[in-house]
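Beneath this line is the structure, given in structure tokens, with notes to follow.
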Amino acid sequence: MKVSATPDGVKFIRWMLNCVPPGIYAKAVKFRGRVDRWGEFEYVAPSCILQFTGARDIGEGAYENDARDGGFGLRIFYGITPETEDTCHYFWSMASNKHPDMPENIDTVVEQTAYTFDEDRVVIEDQYRNIADFGDRNSWLDIHVDAGANRARRIVERLLADVRPEEVDG
């Protein structure tokens, strides 16, 4: 995983080389077998995430040459807008490439993505309840794949610390 700062946030890229393509990818594109996958995320403070994820057949240079065109790709926008102290609106949109031999599969990709986001919603709500119930951040266990999210969390904490009370009430 590669993590780097950006002017407005943090960007992280995770490579998964020589792996089995996920079901949603395999439904969209007929891969020859195992693939090289990537997940590229950019957190833009205070409340936007841009994602580019996808896969190419092994040996097509997805990693070596940064040649991610072709194969399968998803571009996703996440917009998180606070509503109250304890609620927010979670907007998302996605775009994907149509395979020239399987153009009808784009509907399956959209349906599968919506299903995945609904699963994510359940997990996020459960995580929020756990944080509310057990809140002590010092007891969290961070692992290496949390590096990008942890940097984004620190950015939000800094932004919140910089807000003066009169700006919040005002």
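Where a number appears in this text, it was derived from the coordinates with a stated rule and is not lab data. Small disclaimer: the values here were computed from a predicted structure and weren't measured. Cβ: placed from backbone, ideal geometry, glycine included. Neighbour counts: every protein chain shown.
Couple of notes before you dig in:
- Spatially proximal lysines relative to K27 (Cα-Cα < 24 Å; intrachain offsets below 8 disregarded): K98
- Segment 34-88: translational diffusion in µm²/s, Stokes-Einstein, Kirkwood Rh over Cα pairs, 10 °C, 1.306 mPa s: 123
- Column: log10 I(q)/I(0), Debye, Cα scatterers of segment 2-163, q = 0.12, 0.14, 0.16, 0.17 Å⁻¹: -0.64, -0.85, -1.06, -1.17
- Rounded to the nearest 10 degrees, the angle from helix 105-134 to the longest Cα principal axis of the chain is 30 degrees.
- Using a cutoff of 8 angstrom between alpha carbon atoms and counting only pairs six or more residues apart, the relative contact order for segment 2-163 works out to 19 percent.
- Rounded to the nearest 20, the Cβ-based charge dipole of the chain about its Cα centre (Lys and Arg +1, Asp and Glu -1) stands at 820 debye.
- In the elastic network of the chain, a GNM with C-alpha springs shorter than 10 Å, the most mobile of N105, N130, N97 is N130.
- Its DSSP H runs of at least 4 residues, each contributing -39,500 (n - 2.57), put the calculated 222 nm mean residue ellipticity of the chain at -11000 deg cm²/dmol, to the nearest 500.
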